[in-house]
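One structure below.
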Amino acid sequence: MTTVSSFSSPPWPNPNPNSDPSTSANPQPEEDKDPPVSLAGDLHAGLSSGLPPIRTISYNIDGEQHTDAASQPHTAPASVPAHGRTLIPNFHNPNSSSSSSSPVSLHHVSFNQDNGCFACGINQGFRIYNCDPFREIFRRDFENGGGVGIVEMLFRCNILALVGGGPQPQYPLNKVMIWDDHQGRCIGELSFRNEVRGVRLRRDRIIVVLEQKIFVYNFTDLKLLQQIETFGNPKGLCEVSQASGNFVLVCLGLRKGQVRVEHYASKRTKFILAHDSRIACFGLSQDGNMLATASNKGTLVRIFNTHDATLLHEVRRGADRAEIYSLSFSPTAEWLAVSSDKGTIHVFSVTAVDNPDHNTPASPSNSPRALIKGSPSSSPRALIKGVIPKYFTSVWSLAQFRLVEGCQYIAAFGHQKNTVVILGLDGSFYRCKFDPKTGGEMTQLEYHNFMKPDDSF
């Protein structure tokens, strides 16, 4: 992203100023028809991510003509709150106001794909922050005070996906708006019959998550490539790998406790029955090889090989029920960070799961990629599982960081070695460090409240 200072945006532009009603369409899609697409203009060349230009599309479905997006009423169907990629809900704040002087209400917060930035959806627009060093990169405050419930970044590119949110949404909750910050306007939209629960971006794909269906689009022309039916998914759970040439998508299956893994390079689909109860959260390694899952019980986290669906490891967060908010692998898949409503961030050593002595360095044979090829059942720990109660043989977290219980936090690994970045729905930003050998309590390196003006830089 090119803007490095915060400022208020100009009045919100017409998302489709050059539309021709006689040549475009925007009907409400039927369940068996492709959702309509409308683009306001071509994406200029030279995107920071190297994306090819998006071409303008306009077409007619069933004889219905396009209606200018700016003239459509911004109403949204009533339903349960949506969740972002990192399971931070777009809750409704009854005390928020549409005026520019109203208190800022945070609806959504999520990391970008490499965890170097994070985005916030608020009751007046959205904001983008850098993690290290911490600073506000830019903000967009809409003139009419419209709320944004989902903000999905594409690395540090100028393209974002926006969905309305809050009591007075800037856009309907059943639309995904493609925003180009170089042009300072929306260049396209995707409309659906039901409320959008989540959006994921890759450099070559746009994935839109509804409560019981997922749509996969080609980024360059917004062509619909696939529709996936899922189990009820009010949280908008879905993860995609970011490695070029190895597109892996993980979503809910069609049964309780089941996840579905799509390997697009090899054109294979795997179903994993991960838990007996409903899936509450899952996280995918950046290369798409490892999947961590948690159920609504929140006591155990299971790690699977996405290629053959085998269970690699099982680690224990705690003994009491908890709601898991985020599961995040480190870039090398050596570590797994877990956040929950108990207020503690846990870091598990993936390479040490079969070696409880965390002071012993991991050998090449128990590296994450070696674990995928090998079988964990031959370890000494596995041999005594049938003798000693499972609780006492559980693998516990290496390091912990304690926060206020009850607040919603998400965690990801920072760009500096052995650091964790934590974001809270109360506007809190923490950066802390853990010792990979001794573990224990993490050391706090930094704290900010990104919802306070004084902490913008």
task = Could you do me a favour and compute the accessible area per residue for the range 272-351, 1.4 Å probe, result in Å²?
result = 27
task = For Q124, list long-range residues whose amide hydrogen, built 1.01 Å from N in the peptide plane, is under 5 Å from its own amide hydrogen.
result = S105, V148
task = Would you mind getting me the FRET efficiency between R193 and R135? Use the beta-carbon distance for r and R0 = 41 Å, nearest 0.05.
result = 0.55
message = Using each residue's phi in the range 213-230, evaluate 6.51 cos²θ - 1.76 cosθ + 1.60 at θ = phi - 60° and report the 3J(HN,Hα) Karplus result to the nearest Hz, with x for Gly and Pro.
response = 7, 10, 10, 10, 10, 6, 6, 5, 10, 6, 6, 6, 9, 7, 10, 10, 7, 9
query = In the P(r) worked out for the range 126-268, what percent of Cα pairs fall beyond 21 Å?
reply = 46
inquiry  = Using protein chains only and a probe of 1.4 angstrom, how many square angstrom of T332 are accessible, to the nearest 10?
reply    = 70
ask   = Relative contact order for the range 201-299 using alpha-carbon pairs under 8 Å, separation at least 6, rounded to a whole percent?
value = 18
ask   = Efficiency by 1/(1 + (r/R0)^6): what FRET value for A243 and E143, r their Cβ-Cβ distance, R0 = 56 Å, to the nearest 0.05?
value = 0.90
note = Mean accessible area per residue over the range 178-225 (1.4 angstrom probe, all protein chains present, square angstrom) is 28
remark   = In whole percent, the fraction of accessible protein surface over the range 101-229 that belongs to carbon or sulfur atoms, probe radius 1.4 Å, stands at 42
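The values are calculated or read from the model by the stated rules, or taken from the named source; none is laboratory data. Computed from a predicted model, the values in this text were never measured in an experiment. Here Cβ is always computed from backbone atoms with ideal geometry, including for glycine, and neighbour counts include all displayed protein chains. Just the protein is used for accessible areas: all its heavy atoms, side chains included, with ligands, DNA and RNA removed. Shrake-Rupley method; radii C 1.70, N 1.55, O 1.52, S 1.80 Å.
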